[in-house]
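Worksheet for the structure shown next.
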Amino acid sequence: MSFMKLWSGRFKKDVDSRVNDFNSSISFDGRMYKQDIEGSIAHATMLGEAGIISHEDSELIVSELHKILDDIEAGKVEFSIDAEDIHMNIETILTNRIGDAGKRLHTARSRNDQVALDIRMYLLSETKVLKAKILGLLSAISDKAKANIDTVMAGYTHLQRAQPVTLAHYILAYAQMLIRDYGRICDCEKRMNVMPLGSGALASTTYPINRERVAELLGFPAVTENSIDGVSDRDFVIELASALSILMMHMSRFSEEIILWCSSEFGFIELDDAYSTGSSIMPQKKNPDVAELVRGKTGRIYGDLMTLLTMMKSLPLAYNKDMQEDKEAIFDAIDNTLISLEVFTSMFATMTVRADRLRAAAAKGFINATDCADYLVKKGMPFRDAYKVSGKLVAYCTENDKTLEELSLDEYRALCDVFEDDVYEAIKLENCVNGRKVRGGPARESVERQITIVDEFIAENR
Ligand code: ARG
């Protein structure tokens, strides 16, 4: 098959072979073959309808492009780096198959608006997959939350035991983050979903094209309003990389918790064997590699975002070849976020919660000291005084190696005679949790409300 340079007319010499390799993007933009073909089918259809090319040529192009698509999917087509990128590979294959009609496809079009279209379409197909994976993780969180509404644990600040919550309440915090991540991807989609074809190289075209018709054929709700911006805008790529960076930051925090929790020191969870690995030397080891890799890959996604921001910085209008570098960065960000979401979800769904260990750790940290102070406040004492009494009790317990639950009523009353027998009920961790019925709090009814919100979100978006 001949892959002569489509632009060879102006040149007297062949391109240096290293430049040929250097310039070529087919090794990574080949994955946009479907979008490139769909875009060309819409363009050729419009050219035919507008009388810019003949109906016969238009139909021949469209039917051959369908065949090329089938052949690519059947693994029958080999791309060549000599044709540089996916756009020229497809056009060359088409022209080799149908001759002159194929040469008419690129009328009123430039690779600059073609690539802008392809990348938008490709990213829009990937955001659908990303959103589905987020819903998958949300549903795993909802299931675990339902099973752990009464699993009392210590909530932490500064990684010090702070106040009692439940595991359901704890992991539902991540559900809120993921719902925002989902929303950020939807926001990106709005600006991605604008059709740039017709911008030409930068100055549009003199042919009487119908841009709205192309948009309609491809399912875009809008077309770009400035041809220079149409070919030089990559905001939507950066926006997606930034949404993915924030998402991965959340995943990295979640991973860090998993890593801590499955250590012997915490022992709050046990990972399924299928989602942990052993050591080549230490027989006792069971390592949380999945969570560690998700945490590690987060840096890489930030790197992709930086690549994109730096690549676009200072670029004069309109298209510059620098912009070819957008693809590897955003593809890397998407691929790694997708695999992270997928593996993390299965790891999370299959982990075993050790409620006894969570409860035991919660018992030791005086996490009911605030509730002890609140008890006195409810009996009429000002909060600051009550805070001091409770603090003294904690100091007394620490010196005598006791918990608040283990003090006798005499010990309580020795410090403050407001204490009565009902203090034991007030400081019981289960009661401390269930007393926090505030919207957003850890009490059963508040957590049930949170679970409903997550379940409704999943149902509305599935
Ligand atoms: N492969 C190129 C890219 O990804 C396509 C656009 C090339 N346009 C050009 N004028 N060289 O950006």
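The values are calculated or read from the model by the stated rules, or taken from the named source; none is laboratory data. Keep in mind that what you see is a predicted model, and the values were worked out from it rather than measured. Backbone-built Cβ (ideal geometry, glycine too); neighbour counts: all protein chains shown. Note: accessible area is taken over every heavy atom of the protein model, side chains too, but ligands, DNA and RNA are not part of it. Shrake-Rupley method; radii C 1.70, N 1.55, O 1.52, S 1.80 Å.
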What translational diffusion coefficient, in µm²/s and rounded to a whole number, does the Stokes-Einstein relation yield for the stretch 20-152 at 10 °C and a viscosity of 1.306 mPa s, taking the hydrodynamic radius as the Kirkwood radius over Cα pairs?
94 µm²/s
Accessible carbon and sulfur surface of the stretch 1-69 relative to its total accessible area, %, 1.4 Å
55 percent
Once the whole set of protein chains is in place, how much accessible area is left on LYS297, using a 1.4 Å probe, in Å² to the nearest 10?
50 Å²
Give the peptides 144-152, 310-318, 329-337 in descending order of average Cβ contacts within 10 Å, highest first.
329-337, 144-152, 310-318
What do you get for Rg/Rh over the stretch 215-347 if you use C-alpha atoms and the Kirkwood form of Rh?
1.16
Kindly report, to the nearest 10 Å², the accessible surface of LYS190 as traced by a 1.4 Å probe over protein heavy atoms only.
130 Å²
Relative contact order of the chain, defined on C-alpha pairs under 8 angstrom at six or more residues apart (%):
16 percent
Counting only DSSP beta bridges with both partners in the stretch 114-231, the antiparallel fraction in percent, to the nearest 5, comes to 75 percent
Could you provide, to the nearest whole Å², the per residue accessible area of the chain with probe 1.4 Å?
48 Å²
Whole angstrom only: what separates the Cα centroid of the stretch 298-332 from the Cα centroid of the stretch 188-250?
16 Å
For the stretch 262-326, what % of the accessible area comes from carbon and sulfur atoms, probe 1.4 Å?
56 percent
Relative pair counts by distance (%), Cα atoms of the stretch 114-254, 10 Å bins:
11, 31, 23, 16, 11, 7, 2, 0
Would you tally the net charge around ALA291, using a Cβ to Cβ cut-off of less than 14 Å, leaving ALA291 out, and scoring K and R as +1, D and E as -1?
-3
Cα-Cα pairs of the stretch 305-420 separated by more than 19 Å (percent)
68 percent
What's the longest uninterrupted piece of the chain once you rule out the GluC sites (Glu not before Pro) that are loop residues per DSSP with at most 11 other Cβ within 10 Å?
266-462
Past the 31 Å Cα-Cα mark, which pairs from LYS5/LYS190; LYS285/LYS364; LYS128/LYS297; LYS13/LYS34; LYS103/LYS133?
LYS5/LYS190; LYS13/LYS34; LYS103/LYS133
Expressed as a fraction of 2.2 N^0.38 Å, the rule-of-thumb size for a compact globular protein of N residues, what is the C-alpha radius of gyration of the chain?
1.35
With just the Cα atoms defining each centre, how far is the stretch 360-408 from the stretch 78-94? Give it in Å.
74 Å
